[in-house]
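The values are calculated or read from the model by the stated rules, or taken from the named source; none is laboratory data. Quick caveat, the model's predicted, so the values are computed rather than measured. Heads up, the Cβs are rebuilt from the backbone with ideal geometry, glycines too, and the neighbour counts pull from every protein chain shown. SASA here: full protein model, heavy atoms, side chains in, ligands and nucleic acids out. Shrake-Rupley method; radii C 1.70, N 1.55, O 1.52, S 1.80 Å.
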Amino acid sequence: RSDDAREEFFDKLSSQITTDGLSSDEIVHLVLLQDSANLTLTQLEKLLGIEFPSSIDKDMFTLVYIPLNEAGVFGLILKIIDPNGVSDFFAQREKDIPLIANDLYTSYTKNALPRALSEEFSENIYQGVPIRYVNFDTPDRAFDYAIYEDLLLLAGSREAMFSLIDRVKLKS
């Protein structure tokens, strides 16, 4: 990945997001463009320097922003091709997620993410949906992931995950 392209991406992202008039229970769908076309998941992976499971549909993703705190919280909704592949992917990579999350958080906010409260992921259930998560200083700063039907939900806080689950359950 190009660090310049990544920095430009995060600068552009933070400058485009406004919380004016938004309540903390709103979810804003972000449309990302590159060269006047919708950004693909493969392009997003390259910009972020991360890898999503191969068991994800690379043609469909939804990036959302939820104005829950001063920096806001991001979430990602991905379409799953193979649920077992997604589960295996995360089981193998959970130990690396706090470092990846810190790298992304630092690139976006220019501040380091507080150290994870635990090296291990914990489990929660919300509306019958199992959630795996690791908190940093509080549940307001976390990495949560859940599989609901054919969707992988990723969120940067407990409340953001709950909002995503509410949203996808409402639509199904």
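Determine which single condition residue 171 fails, assuming it passes every other condition in (1) open to solvent by 50 Å² or more (accessible area, probe 1.4 Å); (2) out of contact with any helix residue (DSSP H, G or I) (no Cβ under 7 Å at 6 or more places or on another chain); (3) more than 23 Å from residue 28 (Cα to Cα).
(3)
Within the stretch 88-120, can you find the residues that are closer than 19 Å to residue 56 by Cβ and under 16 Å from the mean Cα position of the chain (by Cα)? Steps first, please.
To start, the set of residues in the stretch 88-120 that are closer than 19 Å to residue 56 by Cβ comprises 88-94, 96-97, 100-101, 104.
89, 90, 93, 94, 96, 97, 100, 101, 104, listed by residue number.
For the stretch 136-165, what are the residues that are out of contact with any helix residue (DSSP H, G or I) (no Cβ under 8 Å at 6 or more places or on another chain) and assigned to a strand (DSSP E or B)?
Matches in the stretch 136-165: 154 only.
Restricting to the stretch 131-152, name every residue that is surrounded by 24 or more Cβ atoms within 10 Å (Cβ to Cβ) and either in contact (Cβ under 8 Å) with a residue 60 or more places away in the chain or over 22 Å from residue 29 (Cβ atoms) (or both).
The answer is 152, and nothing else.
Which one of these does residue 6 not meet: (1) at pLDDT 85 or above; (2) surrounded by 12 or more Cβ atoms within 10 Å (Cβ to Cβ)?
Of everything listed in (1) at pLDDT 85 or above; (2) surrounded by 12 or more Cβ atoms within 10 Å (Cβ to Cβ), residue 6 misses just condition (1).
Confirm whether residue 91 is at pLDDT below 95, under 30 Å from residue 4 (Cβ atoms), hydrophobic (A, V, I, L, M, F, W, C) and out of contact with any Gly (no Cβ under 8 Å at 6 or more places or on another chain). Before the answer, list the steps.
Details: at pLDDT below 95: yes; under 30 Å from residue 4 (Cβ atoms): no; hydrophobic (A, V, I, L, M, F, W, C): yes; out of contact with any Gly (no Cβ under 8 Å at 6 or more places or on another chain): yes.
So residue 91 does not fit the description; no.
Of all residues in the stretch 94-129, which are acidic (Asp, Glu) and surrounded by fewer than 13 Cβ atoms within 10 Å (Cβ to Cβ)? Steps first, answer last, please.
From the stretch 94-129, those acidic (Asp, Glu) are 94, 96, 103, 119-120, 123; that's our starting set.
Answer for the stretch 94-129, where residues must be acidic (Asp, Glu) and surrounded by fewer than 13 Cβ atoms within 10 Å (Cβ to Cβ): 96, 119, 120, 123.
Can you tell me which residue in the stretch 28-74 is modelled with the lowest pLDDT, limited to those that are open to solvent by 30 Å² or more (accessible area, probe 1.4 Å) and within 18 Å of residue 144 (Cα to Cα)?
Among those that are open to solvent by 30 Å² or more (accessible area, probe 1.4 Å) and within 18 Å of residue 144 (Cα to Cα), it is 69.
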